[in-house]
1. Taking H as built 1.01 Å from N, whose amide H comes closer than 5 Å to the amide H of GLY261, not counting residues under 5 places away?
2. Taking amide H positions as placed 1.01 Å from N in the peptide plane, with prolines and chain starts having none, which residues 5 or more places from MET240, or on another chain, fall under 5 Å of its amide H?
3. Starting at the first residue of segment 193-209, write each ³J(HN,Hα) from the Karplus equation 6.51 cos²θ - 1.76 cosθ + 1.60 with θ = phi - 60°, in whole Hz, x for Gly and Pro.
4. Please enumerate, by chain and number, the lysines with C-alpha under 28 Å from the C-alpha of LYS296, excluding those fewer than 8 residues away in the same chain.
5. Which net charge results for the neighbourhood of ASN177, defined as the other residues with beta-carbon distances under 15 angstrom from its beta-carbon, given Lys and Arg at +1 and Asp and Glu at -1?
6. State the three equivalent ellipsoid semi-axes of the chain, derived from the C-alpha gyration tensor as the square roots of 5 times its eigenvalues, in descending order and whole Å.
7. Probe of 1.4 angstrom, ligands and nucleic acids ignored: what's the accessible area per residue over segment 81-170, in square angstrom?
8. Based on Cβ point charges of +1 for Lys and Arg and -1 for Asp and Glu, what charge dipole magnitude is obtained for the chain about its Cα centre, in debye rounded to the nearest 20?
Amino acid sequence: MREKVAIIGAGTSGLIAARDLAKYGIATTVYDQKTKLGYPQKASGIISINGLKTLGIGYSKAVTNTLYGANIHAGNAMMRVHSKVPQAHILDRVILNDICCAESEKEGAVVRKGVQVDSDMLDSLHKDNVIVGADGPVSLVARHFSLGSIKKNILTYKADFEVSVERKEVVDLFFDNRISPKFFAWMCPNSKDVLEVGIGVDSKFGNSKSAFDKFIKQEYVLRRIGKARVIDGYASMIPMQTARRVVDEKREVLLVGDAAGQVKPTTGGGIVFGGNAAMMAARTIRDHVREGSSLKAYERQFRKNFGMELMLHRAIRGAYANFDVRGIEFMIRMSKMFGLENFLSKHGDMDRPSLMLKRFLLRGLVK
Ligand SMILES: Cc1cc2nc3c(=O)[nH]c(=O)nc-3n(C[C@H](O)[C@H](O)[C@H](O)COP(=O)(O)OP(=O)(O)OC[C@H]3O[C@@H](n4cnc5c(N)ncnc54)[C@H](O)[C@@H]3O)c2cc1C
């Protein structure tokens, strides 16, 4: 049995796994092709405050803004989901990665930056290391060990604009299948003077950059960005299904985070699910190394904790992805009539729709 761990990928998932493994006294090395982790910032950093608390990261220096809610737009309809208490932080992803890196090194993990792992290196590491694939949505580890590639993806493009943001406590989400097929576009105040504009499109239905160019020409976007200077713009990808297998017990290989497709299908948020999965993977590897227990416990534990949530997220996504803009506009109007706007403002939960569902069902009983 291998007693050391090699983690491929120093994103949040890989670094959280490294932190916990090192804390458990297991020799752990993380490899990342980047010399500056998290850079360039191709992804956004909206993370629920409740979700962040579960990860145990000292994240406060990475916070650039705090959100109280969202405006959900489709056609001429808008639903305001605004809470009285802060719901999510926006984090600078480079600073977040630096914090996670420092925390894992403090526990004794070794982080080797600027090292691109290829198949030969993977074979060589695999001789005496348990392998954790935390190498993102196009995972070499998943391919190399035939754990199955992820075929459903959302292609994204996002750019930051230098503008003075009027309301920095809400994010705006726009649903229109003609512009962002089967996903949505967003305007997110990353700080009081930076507005992030982004879009996602189903990979089968188009190109994210041309969708983005179309989106920023819409009148409601032009009103917000005017002639503002674009700071940067990047394309990327979000996995939209979980990997067929996330553990190869015999060969002692595990996948975590985007490599395993541990992402909320509604919004594409993956830091909370991926980070929690990384912590579960670290515990499972500890028990495997110390007591010889099965690595499959990781997969079972993840499904037990997040299986229901993933199912509900998929159902919600199915509801918006399969309607045109008029259908979603109608749904928003009906939802408002039935009091869903107020309900979500009070009881919304970005990560765990099962909690909302429970509260919704209980509402009738406690009235
Ligand atoms: C546009 C966009 C917006 C998003 N918005 C949010 C959001 O608001 N909130 C949220 O929670 N999530 C969001 N996400 C999702 C989130 O970014 C991911 O779920 C999260 O980054 C996954 O972390 P990870 O550690 O699994 O993978 P990654 O962050 O992708 O890290 C993988 C690492 O592996 C390294 N790597 C890959 N291959 C190799 C190799 N062969 N050798 C060495 N190193 C390698 C890469 O350099 C990278 O550093 C968004 C994603 C996108 C694209």
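The values are calculated or read from the model by the stated rules, or taken from the named source; none is laboratory data. What you are looking at is a predicted structure, and each value in this text was computed from that prediction instead of being measured. As a convention, Cβ positions derive from the backbone with ideal geometry for all residues, glycine included, and neighbour counts pool all protein chains shown. The protein model used for the area step is the full one, side chains on, heavy atoms only, and it has no ligands, DNA or RNA in it. Shrake-Rupley method; radii C 1.70, N 1.55, O 1.52, S 1.80 Å.
1. Here ALA243 satisfy the definition.
2. Counting only residues 5 or more places away or on other chains, the set is LYS152, ASN153, ILE154.
3. Going residue by residue, I get 10, 9, 10, 8, 10, x, 8, x, 9, 4, 4, 7, 10, x, 10, 5, 5 Hz, with x marking Gly and Pro.
4. Straight-line reach from LYS296, under 28 Å: LYS4, LYS23, LYS53, LYS127, LYS151, LYS152, LYS250, LYS264, LYS304.
5. Net charge around ASN177: +2.
6. For the chain, the ellipsoid semi-axes come out as 35, 23, 19 Å.
7. Per residue, segment 81-170 has an accessible area of 47 Å².
8. 1020
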